[in-house]
Amino acid sequence: MANFQTGEIPPGFAFTESGGLIHYKYGIVLAVPAANQAGWSGDMWISFGSAWGDAKIKVNWHDGSNWSAAVDLNVTQAGGRVHNGAKLPTSTQKIAIGRVKKSASDTEDDIPVSWLLQVAEA
């Protein structure tokens with residue numbers, strides 16, 4: 001049986017259009033069971049969706065020792081859910097997510113964007 005949890009990315013830009021940090025208070029960190037560990041946690045995926053507008057987000061993963069390189073994702077209202085194309089890296093324990101300005105003049109920092117964490121039983 002699969003399990004899931006969902007939530008919303010808070011309003012406000014965490015990153016500039018060039019990827020610089022504006023402020024971490026606009027981001028969210030998801031603490032998750034250590035992903036894809038044989039014997040106790042199943043395969044785990046995260047995806048994102050938006051409505052009433054398009055948004056750009058930055059996502060990276062922590063494996064208990066190090067943060068991954070950040071990945072920028074464009075989440076569009078017209079498209080389906082967006083993900084990084086694969087299950088979460090093995091041992092992922094935290095996921096950091098923040099909104100990115102699409103341009104210097106971007107003011108749409110409150111477009112509804114949700115996250116979906118899915119876990120398949122081991």
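State the number of residues belonging to the range 62-100 that are closer than 20 Å to G12 by Cα and of a type in the set (D, E).
Of the residues in the range 62-100, 1 are closer than 20 Å to G12 by Cα and of a type in the set (D, E).
Which residue out of D110, D63 is open to solvent by 20 Å² or more (accessible area, probe 1.4 Å) and either in contact with a Gly (Cβ under 8 Å, 6 or more places away or on another chain) or at pLDDT 95 or above (or both)?
D110
Counting only residues that are at pLDDT below 95, more than 16 Å from I111 (Cβ to Cβ) and open to solvent by 40 Å² or more (accessible area, probe 1.4 Å), give me the strands (runs of 3 or more DSSP E) lying completely in the range 1-58 with at least 1 of them.
2-8, 28-31, 44-50
Whether any residue in the range 73-91 is open to solvent by less than 30 Å² (accessible area, probe 1.4 Å), in contact (Cβ under 8 Å) with a residue 40 or more places away in the chain and closer than 16 Å to W115 by Cα is what I want to check.
Checking the range 73-91: at least one residue is open to solvent by less than 30 Å² (accessible area, probe 1.4 Å), in contact (Cβ under 8 Å) with a residue 40 or more places away in the chain and closer than 16 Å to W115 by Cα.
The values are calculated or read from the model by the stated rules, or taken from the named source; none is laboratory data. Worth saying up front: this structure is predicted, and the values here are computed from it rather than measured. Note: ideal-geometry Cβ built from the backbone for every residue, glycine included; neighbour counts use all protein chains shown. Note: accessible area is taken over every heavy atom of the protein model, side chains too, but ligands, DNA and RNA are not part of it. Shrake-Rupley method; radii C 1.70, N 1.55, O 1.52, S 1.80 Å.
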